[in-house]
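Reviewing the structure listed below.
Every read-out reported here was derived from the displayed coordinates using simple, explicitly stated rules and does not represent laboratory data. These numbers were taken from a predicted model, which means no experiment stands behind them.
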Amino acid sequence: MRYFFPLSFLMCIAGVISSSSCSSPTGTPATESSPVPAASATSPMPNQLFATYLHDTFSHTIPSSGEHWYVVIPAVGCLGCAHAELRYLAGTAWAPTVTVVTSGLLRDLSKAEQTSLARHVQLLADTFRVADNTLDRISLPFHSLTGLVRTRDGQAVEFLPFDKDTYQHVLATLPKRRP
Amino acid sequence: MLLLQPAGWLVLAGILLSACNRTPERIGLTATTEIRFRKPASYYPQARCILAYYDDSLRGQEYFYFLDRASNTLLHTRLAAAPPADSVFALQRTSLAHLFHHTPYPLEAMGVFAPDSLVFVDGGVHSICLTNAQGQVRQQWQPRAPIYGRTPYFITTGFQPVYTKGSRLYLHAGPDDVGNITADTMAFHRLLTYKTGLVLDVRDTLFANNFTGEFPGFLSAKNNFNIVAPQSCVTPEGDYLFTYGSFSQIYRYALSGHKQVTDAPSRYHRPARGLPFSSLKNHQDLIGYKLTEPEYGPLLSDPYRRRYLRVYRHGLPAALNQPVRPSYADIPWSLLILDAGLNVVGEVPFAPTYDPDLILVTRRGVLIGNHRPEHAGYNPQQLSFLLFTYQPLQAPSS
């Protein structure tokens, strides 16, 4: 459960949802997919925003060739769901073309879970948690704030939201590490 | 003898009339000194439920507690009368990692009966620990018994401080069987009807059955509900006070069963807009709602001065359609001062650099966090409070 301040609202949402409805995800197939929206006159496109965020926060550049997947899990929204999603990711060895981008939520996992996650997938984690960090405030087209960003040749080409009901189905489509 | 004379009755009537017509004294706040604690750079207390203050009036000592849930550590100090040479109080560390190792949930909240009797509640809301000052477990409960009749409930703090009074713990209850509230409107509205208040007595081992009183469920009139658990505090008499995000009313529930509603609006009050059910599942919508809509926040009791304090967040004029959303720490707010009868006797606006979730009522006055991580001037090594005292306001000259 997250504790930011004023936090009362989302924290309580997280509390209510995680305690009452997150314990047994139904695995409903994902049906939503968000193409990159058109740019508005006043705000940058999400793909630019995402690339800038990765560069500014982690000095990370989206691979300029081929396809790459980023799993975005911030520390706001349904936190019980996000814990479950991180634990799910920690249980499988993913291909090097998969990167998990997360924030202070990582510190809620046990040491063993954190180690397993770091072993199984590339991890970009901004664990500065005394305040909402940029990942928690960036406006990506994910209704539950969690989702996949598919990039091709250095550009984000698709945003796939997932939530507590759909994450298993969506994440299962990611490429796995070859034995 | 005076009352036997007509003039005496007139004098008495005049006194009563003037008492009835007297305008409540207007009260403001005056900043006095800054109190600072040395803390780990990675820690900032972002919720009221992890702050605690205990006043040992017999020994004249004050205790401050800050729970670091990320590291399962209790940071605490006994405040000396005079500050140290560098004016920064050191915090001691007590590990609590052993408390809830059997659950996957982090610590959620704490309360203080006395410096050697600390209460901790886990985030899974299924366990309560009573420890001594060193964090050693003296007693642990896992109350699972159904309460409020046959409905299975769990116990939670609602992210409010764990209030203690005598041998009583003031908590909240949540229904275990409500189902998926974001997918099922019936489940959601069922949730709104549940009773949430819970008062337990720790003298009984199985105290889950020993609740007293029933308290209202979430309010949802016209969907202005701010699906937030009620803010609460406890009066010096042991009554439980509740408020709800969008509503100016304060609900007072005595353990005797007597209920009272008092309207205590902010002078900035504006009704919150409705939130459609569909937005419950859309966290972008929820965050936007939270940033822009006004909301009543923490409610605190000041037993030293027989007053109450109530936070009102004004909301931001526009929060969305920006690449990076504003922070909750950008929302301006004000602090209402209420008298013992819950009448508003003052309201002090605060800049967003002050933290409305970092307020502690102490013997010395009201401590309010005055440096937040989101704003310039924040020192990661220090937790800083400004001490405010009440000040009668002069009536404006006409």
request  = Evaluate the relative contact order of region B:237-392 (contact order divided by residue number), counting alpha-carbon pairs under 8 angstrom at least 6 apart; express in whole percent.
outcome  = 15
message = Only bridges whose two residues both fall in region A:53-179 count here: according to DSSP, what percent of them are antiparallel, nearest 5?
response = 55
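Which value, in nm² and rounded to one decimal, describes the direction-averaged projected area of the C-alpha convex hull of region B:230-347? Intermediate results must be reported in sequence, preceding the final value.
Details: hull surface 33.4 nm².
One quarter of the hull surface, i.e. the mean projection, equals 8.3 nm².
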note = Here the relative contact order (percent) of region B:324-395, from C-alpha pairs under 8 Å and at least 6 apart, is 22
key: Semi-axes of the equivalent ellipsoid for region A:43-158, Cα gyration tensor, largest first, Å   = 21, 17, 12
remark   = In order over region B:34-40: 3J(HN,Hα) from phi, Karplus 6.51/-1.76/1.60, θ = phi - 60°, whole Hz, x for each Gly or Pro, gives 9, 10, 10, 10, 7, 9, x
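For Cα pairs less than 8 Å apart in space and 6+ apart in sequence, what is the mean separation divided by the residue count of region A:92-165, i.e. the relative contact order in percent? Please list the in-between numbers first.
On the way: 85 pairs, mean separation 19.0, N = 74.
Taking the mean separation of contacting Cα pairs over the length of region A:92-165, I get 26 percent.
A:R107 to A:M45: extension gain in nm, 0.36 nm per residue of separation minus the Cα-Cα distance? Mind showing how you got there, number by number?
Numbers: separation 62, 0.36 × 62 = 22.32 nm, distance 3.04 nm.
The span from A:R107 to A:M45 would gain 19.3 nm if fully extended.
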